[in-house]
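The values are calculated or read from the model by the stated rules, or taken from the named source; none is laboratory data. Remember, it's a predicted structure, so these values are computed and weren't measured experimentally. Cβ: placed from backbone, ideal geometry, glycine included. Neighbour counts: every protein chain shown.
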Amino acid sequence: MVTTLTNVSVKQLKRAVVVRKRIEALEHKLAKILGAPSAISTQQMAAVKPRRRKMSAAARARIGAAQKARWARQKGAALVPKKPRRKMSAASRAKIAAAARARWAAVKAANRKTLAKP
């Protein structure tokens with residue numbers, strides 16, 4: 001049978017608290033015998049705020065320099081000379097411009113505002 005807090009009586013809860021206190025007292029005694037610091041209860045452990053690690057400025061600088069070196073190596077390997085852009089002759093540009101003007105003239109003649117057909 002699984003016991004949850006919803007189906008436990010008050011008497012059982014009180015007994016559980018007494019047992020828990022006895023366990024904590026025994027853990028404390030054991031820690032004293034072994035010379036270790038006293039055991040922290042689960043509630044105390046939950047209340048302890050974890051400390052943030054601090055990094056020195058020198059360590060941050062070393063990490064930053066190493067990362068910049070990695071980026072430089074990566075970018076250096078990726079820099080492949082690009083092909084120069086091809087130039088279009090003036091005659092070719094004039095033909096394309098004339099075709100565009102004709103296309104737009106047809107659109108305006110059809111009393112539309114966009115190239116896409118409705």
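From the set of residues in the stretch 78-98 that are surrounded by fewer than 10 Cβ atoms within 10 Å (Cβ to Cβ) and among the small types (Gly, Ala, Ser), which is modelled with the lowest pLDDT?
Checking each candidate, the answer is ALA78.
Condition first: on the phi > 0 side of the Ramachandran plot, of a type in the set (Gly, Ala, Ser), modelled with pLDDT under 85 and more than 41 Å from the chain's Cα centre (by Cα). Can you find one or more residues in the stretch 33-54 that meet it? It would help to see each step written out before you state the result.
Within the stretch 33-54, the first condition is being on the phi > 0 side of the Ramachandran plot, and the residues that meet it are 35.
With the extra rule that they be of a type in the set (Gly, Ala, Ser), the set shrinks to 35.
So of that shortlist, the ones also modelled with pLDDT under 85 come out as 35.
Keeping just the survivors that are more than 41 Å from the chain's Cα centre (by Cα) gives 35.
Checking the stretch 33-54: at least one residue is on the phi > 0 side of the Ramachandran plot, of a type in the set (Gly, Ala, Ser), modelled with pLDDT under 85 and more than 41 Å from the chain's Cα centre (by Cα).
Considering only residues that are of a type in the set (A, V, I, L, M, F, W, C) and part of a helix (DSSP H, G or I), look in the stretch 99-115 and name the one that is surrounded by the most Cβ atoms within 10 Å (Cβ to Cβ). Reasoning before the result, please.
Taking the stretch 99-115 as the starting set, the residues that turn out to be of a type in the set (A, V, I, L, M, F, W, C) are 99-100, 102, 104-107, 109-110, 115.
Now drop any that are not part of a helix (DSSP H, G or I), which leaves 99-100, 102, 104-107, 109.
Numbers: ALA99: 10, ALA100: 11, ALA102: 10, TRP104: 11, ALA105: 10, ALA106: 11, VAL107: 15, ALA109: 8.
Among them, the one singled out is VAL107.
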